[in-house]
Amino acid sequence: MPRIWIFGANVNTDQIVPGRYAPYMLKDEAELRKYPFVEARPEFASTVQPGDLLVAGPNFGCGSSREYAPLALRMVGVGAIIAPLFARIFYRNALNLGIPCFEADLTGTLSDGQQVEFDLASGRLVADGQTIQLPPPPAFLQEVWSAGGIVPFYKQHGRFPGQGA
């Protein structure tokens, strides 16, 4: 059962992964999985479970265009990120990597560490018996998420989403 990780507003890419842990600074890119939120939530990388959900305030992913910030989140298996507003470059990088992002404000509704049921396909979240319907994403986003990102989608379909079949 996924667990909720609550973050505040304006979480920037340096808070997600500080620049000193950029893949080109590491011996092996796989080490990147050790560093998401290393300063803001030092326990995160070692205790996050595949499928866990990040719930944050507005402007999640602001800062730089570093693709390794969402890459680190994918590497630890984050199931989705829910925030009322995303920095556009972060949102695009997350899409490219197949990380679902939902625009909704649930910071006052859910609690840090709370276990929930989550159905990605329907965008339905159940917390303490209460059903929360997230805004449904367009079909092309769901297709990219299912494929695991934009490059895997292209490799599977020989086209980008939205182009004729």
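The values are calculated or read from the model by the stated rules, or taken from the named source; none is laboratory data. Keep in mind the model is a prediction, meaning the values are calculated, not measured. Glycine also receives a Cβ, built like all others from the backbone with ideal geometry; neighbour counts cover every protein chain displayed. Heavy atoms of the whole protein, side chains included, go into the accessibility calculation; ligands, DNA and RNA do not. Shrake-Rupley method; radii C 1.70, N 1.55, O 1.52, S 1.80 Å.
Matching residues to (1) among the hydrophobic types (A, V, I, L, M, F, W, C); (2) closer than 14 Å to Trp145 by Cβ; (3) out of contact with any Gly (no Cβ under 7 Å at 6 or more places or on another chain):
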| position | (1), (2), (3) |
| --- | --- |
| Pro42 | no, no, yes |
| Gly51 | no, yes, no |
| Leu54 | yes, no, yes |
| Pro58 | no, no, yes |
| Gly63 | no, no, yes |
| Ala72 | yes, no, yes |
| Ala104 | yes, no, yes |
| Gln114 | no, no, yes |
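Number of residues in the range 124-147 that are open to solvent by less than 50 Å² (accessible area, probe 1.4 Å) and either assigned to a helix (DSSP H, G or I) or modelled with pLDDT of 95 or more (or both): the value is 9.
So which residues in the range 106-120 are of a type outside the set (Ser, Thr, Tyr) and in contact with a Phe, Trp or Tyr (Cβ under 9 Å, 6 or more places away or on another chain), if there are any at all? Once the filter is applied, which keeps residues that are of a type outside the set (Ser, Thr, Tyr) and in contact with a Phe, Trp or Tyr (Cβ under 9 Å, 6 or more places away or on another chain), the range 106-120 yields Asp112, Gly113, Leu120.
So which residues in the range 148-165 are part of a loop (DSSP other than H, G, I, E, B) and either within 16 Å of Tyr91 (Cβ to Cβ) or open to solvent by 50 Å² or more (accessible area, probe 1.4 Å) (or both)? If the condition is that a residue be part of a loop (DSSP other than H, G, I, E, B) and either within 16 Å of Tyr91 (Cβ to Cβ) or open to solvent by 50 Å² or more (accessible area, probe 1.4 Å) (or both), then Gly149, Gly158, Phe160, Pro161, Gly162, Gln163, Gly164, Ala165 are the ones that fit. For the range 109-123, residues that are open to solvent by 60 Å² or more (accessible area, probe 1.4 Å) and assigned to a loop (DSSP other than H, G, I, E, B) total 5. Close Cβ contacts (under 8 Å, 6 or more residues apart or on different chains) running from residues in the range 147-163 that are among the aromatic types (Phe, Trp, Tyr) to residues that are surrounded by fewer than 16 Cβ atoms within 10 Å (Cβ to Cβ) and modelled with pLDDT under 95 comprise Phe153/Glu143; Phe153/Phe160; Tyr154/Phe160. Within the range 110-124, the set of residues being touching a Pro at 6+ places or on another chain (Cβ under 9 Å) and within 30 Å of Tyr154 (Cα to Cα) comprises Phe118, Leu120, Ser122, Gly123. Please determine whether any residue of the range 52-59 is farther than 28 Å from Ile132 by Cβ and acidic (Asp, Glu). Among the residues of the range 52-59, not one is farther than 28 Å from Ile132 by Cβ and acidic (Asp, Glu), which makes the answer no.
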